[in-house]
Amino acid sequence: MNFRDPVIKQVVEKFIERSDTGFKKYGVTLDSDDQPIDKWLEHLQEELMDAVNYIQKTRNVLKELNNANTKKT
């Protein structure tokens, strides 16, 4: 597969790695996993909650870095 944008290539490679990791862990592909739709919504909700936590942690770290840089000047 040819990519004109190296960033997109990195993202696609990460998707493939994540798919491989999931297959090794669960033994099924996403396509063949036939969980009920409510279970998929639960997974999605948990992932989004994790994402919000990661955003907050990152914001805290950036704020600390900004405060440390402000004190230096």
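The values are calculated or read from the model by the stated rules, or taken from the named source; none is laboratory data. These numbers were taken from a predicted model, which means no experiment stands behind them. Cβ atoms come from the backbone with ideal geometry, glycine included; neighbour counts cover every protein chain shown.
For THR58, only one of the following conditions fails: (1) surrounded by 10 or more Cβ atoms within 10 Å (Cβ to Cβ); (2) of a type in the set (Ser, Thr, Tyr); (3) not in a helix (DSSP H, G or I). What is its number?
It fails just one condition, (3).
Yes or no, residue by residue, for (1) out of contact with any helix residue (DSSP H, G or I) (no Cβ under 6 Å at 6 or more places or on another chain); (2) in the same structural domain as ILE16 (by TED's automatic domain parsing); (3) among the charged types (D, E, K, R); (4) within 25 Å of ILE16 (Cβ to Cβ):
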position: VAL28; (1), (2), (3), (4): yes, yes, no, yes
position: TYR54; (1), (2), (3), (4): yes, no, no, yes
position: LYS63; (1), (2), (3), (4): yes, no, yes, no
position: THR73; (1), (2), (3), (4): yes, no, no, no
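Under the condition of being hydroxyl-bearing (Ser, Thr, Tyr) and not in a helix (DSSP H, G or I), which residue from region 1-40 is surrounded by the most Cβ atoms within 10 Å (Cβ to Cβ)? Talk me through it step by step, then tell me what you get.
Taking region 1-40 first, the residues hydroxyl-bearing (Ser, Thr, Tyr) are 19, 21, 26, 29, 32.
From the residues that got through so far, the ones that are not in a helix (DSSP H, G or I) too are 29, 32.
Values: THR29: 10, SER32: 8.
Applying the filter and picking the extreme gives THR29.
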